[in-house]
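Down below is the structure, laid out as structure tokens.
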Amino acid sequence: MRHSPYIAPHYRWLIFMLGVVLLGFGSALYSPQAKAQCAAGVDTDGDGFNDDVECAGITTIGLRDVNGAPIVDANAVPIGQRFFPRCAVGVSATDRLNCVDPASKDLFVIYVPTASGSFLTGAAVQGVNTAIPNPFAAQTVYGTAYNGFTGLGVTVHIVTVNEVPLATRQVVFGTAVTQKAVAIFEDLDATDLNTLGYCPWGRPNVANQGQCIVYTQRIWNSIPLACGTNPIVTPAGVASTAEEAFKAYTLELILHEVGHSVGGLAPTFNSSYGGYHYAPGTVMEQYVVATVSKGKCKFAVSKAFNSRNDPPAVNLK
């Protein structure tokens with residue numbers, strides 16, 4: 001049975017249970033390939049950008065008027081056009097986020113926090129830090145190291161709505177390069193704690209796919225519901241906070257939802273796990289589990305993808 005791209009949102013629940021939950025293993029760090037051809041019309045890494053385009057570097061489409069001309073600022077500088085040069089050999093994992101490589105997959109994601117009250121920018125909860133500037137960057141929160149999509153062999157470049165327009169999600173201006181970005185929207189609706197995120201199962205370039213939602217207010221509200229008055233600890237038992245648990249949960253959720261839209265992860269439908277999901281232990285599992293034991297509350301938030309099944313299933317076109 002194939003999963004339709006027009007399905008209703010998949011559901012994610014918090015499970016309250018006693019016991020110990022195993023976490024997934026960490027993703028491998030990025031290691032750039034040293035050489036790649038720069039031929040026109042060839043897409044060696046299969047990311048939708050031909051080798052010659054990535055060798056020359058990619059400039060995002062930016063803001064355009066109705067005639068397709070760049071919109072400029074007072075100094076005649078195009079607004080939103082951002083240049084990603086070709087990566088140098090041996091570039092660091094951090095610098096890899098700002099360059100493109102014809103020998104390894106590049107994906108652009110339009111990050112869309114709410115205009116006001118955003119948890120992702122840290123504006124919703126005054127006095128505490130809930131900000132997640134880039135969910136695909138390497139970072140450690142809640143005692144757990146997250147490495148974006150490196151476990152899938154994909155580098156994600158976060159862009160804004162000024163750099164890549166939501167109307168088309170097309171990364172580069174013109175007809176020669178039609179590769180689209182995936183969009184991830186923040187939504188502050190709090191009416192349904194059963195649905196914390198949604199993304200169509202499919203690929204970035206397919207109509208009605210590639211647009212995802214994360215319900216940050218619902219995630220925030222679910223934490224005290226899970227823990228009550230019990231103090232929050234990390235999976236290792238170290239004292240932590242609701243803010244750190246929120247960031248870990250939201251990071252995993254964004255990776256999970258965008259994963260559904262990069263070829264369709266998990267690749268195999270399993271009715272036992274609510275559709276295209278795995279058993280607990282990877283990013284594409286169905287649930288995040290809250291455990292209350294001995295007066296302490298902890299969350300098992302997975303950080304890794306299924307290293308055997310997920311990378312081959314990635315399809316960015």
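One line per residue, one yes/no per condition, for (1) of a type outside the set (G, A, S); (2) more than 21 Å from A39 (Cα to Cα); (3) not in a loop (DSSP other than H, G, I, E, B):
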residue	(1), (2), (3)
C55	yes, no, yes
I61	yes, yes, no
N67	yes, yes, no
Q81	yes, yes, no
A88	no, no, no
V91	yes, yes, no
D95	yes, yes, yes
* Do we find a residue being in a loop (DSSP other than H, G, I, E, B), modelled with pLDDT of 95 or more and under 13 Å from the mean Cα position of the chain (by Cα) anywhere in region 155-169? -> no
* Asked: So which residues in region 69-125 are touching a Pro at 6+ places or on another chain (Cβ under 8 Å), more than 28 Å from N205 (Cβ to Cβ) and of a type outside the set (A, V, I, L, M, F, W, C)?
  -> G90, T121
* To do: Tell me, please, whether a residue that is of a type in the set (D, E, K, R) and under 21 Å from F119 (Cα atoms) can be found in region 273-286.
  => no
* Structure fact -> Restricting region 222-254 to residues that are assigned to a loop (DSSP other than H, G, I, E, B) and of a type in the set (A, V, I, L, M), the one farthest from the chain's Cα centre (by Cα) turns out to be V238
* Flag if A190 is touching a Lys or Arg at 6+ places or on another chain (Cβ under 7 Å), surrounded by fewer than 16 Cβ atoms within 10 Å (Cβ to Cβ) and part of a loop (DSSP other than H, G, I, E, B) -> yes
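Quick grid of which residues meet (1) under 16 Å from V214 (Cα atoms); (2) touching a helix residue (DSSP H, G or I) at 6+ places or on another chain (Cβ under 6 Å); (3) polar (S, T, N, Q):
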{"residue": "K105", "(1), (2), (3)": "no, no, no"}
{"residue": "V112", "(1), (2), (3)": "yes, no, no"}
{"residue": "S118", "(1), (2), (3)": "yes, no, yes"}
{"residue": "V128", "(1), (2), (3)": "no, yes, no"}
{"residue": "G143", "(1), (2), (3)": "no, no, no"}
{"residue": "G151", "(1), (2), (3)": "no, no, no"}
{"residue": "V172", "(1), (2), (3)": "no, no, no"}
* Can you find a residue in region 186-198 that is among the aromatic types (F, W, Y), under 18 Å from L265 (Cα atoms) and out of contact with any Pro (no Cβ under 9 Å at 6 or more places or on another chain)? -> no
* Asked: Taking region 202-221, which residues are more than 20 Å from V161 (Cα to Cα) and either touching a strand residue (DSSP E or B) at 6+ places or on another chain (Cβ under 6 Å) or in a helix (DSSP H, G or I) (or both)?
  -> Q217, R218, I219, W220, N221
* Asked: Where residues in region 98-127 are of a type in the set (S, T, Y) and assigned to a loop (DSSP other than H, G, I, E, B), which of them is surrounded by the fewest Cβ atoms within 10 Å (Cβ to Cβ)?
  -> S116
* Tell me, which residue of region 278-299 that is touching a His at 6+ places or on another chain (Cβ under 8 Å) and assigned to a loop (DSSP other than H, G, I, E, B) is surrounded by the fewest Cβ atoms within 10 Å (Cβ to Cβ)? -> Q286
* Take V171 and decide whether it is crowded, with 16+ Cβ neighbours inside 10 Å and touching a Ser or Thr at 6+ places or on another chain (Cβ under 8 Å). => yes
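Results for (1) more than 30 Å from G41 (Cβ to Cβ); (2) of a type in the set (D, E, K, R); (3) at pLDDT 95 or above, shown as yes or no for each residue.
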site	(1), (2), (3)
R86	no, yes, yes
Q126	yes, no, no
A131	yes, no, yes
Y142	yes, no, yes
G153	no, no, yes
* To do: Among what's in region 269-290 and is of a type in the set (V, I, T) and either modelled with pLDDT of 95 or more or within 17 Å of the chain's Cα centre (by Cα) (or both), pick the residue that is farthest from G148 (Cα to Cα).
  => V288
* Asked: Got a sec? Which of L29, L23, L14, L18 is at pLDDT below 90 and touching a Lys or Arg at 6+ places or on another chain (Cβ under 8 Å)?
  -> L23
* To do: State all residues of region 291-312 that are among the aliphatic types (A, V, I, L, M) and either in contact with a Pro (Cβ under 7 Å, 6 or more places away or on another chain) or within 16 Å of T144 (Cα to Cα) (or both); if no residue qualifies, say none.
  => A300, V301, A304
* State which residue is nearest to P165 (Cα to Cα) when the search covers only region 54-94 and only residues that are exposed (fewer than 10 other Cβ atoms within 10 Å of the Cβ) and touching a residue at least 12 places away in the same chain (Cβ under 8 Å). => G68
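The values are calculated or read from the model by the stated rules, or taken from the named source; none is laboratory data. Note that the structure is predicted; figures quoted are calculated from it, not measured. Glycine also receives a Cβ, built like all others from the backbone with ideal geometry; neighbour counts cover every protein chain displayed.
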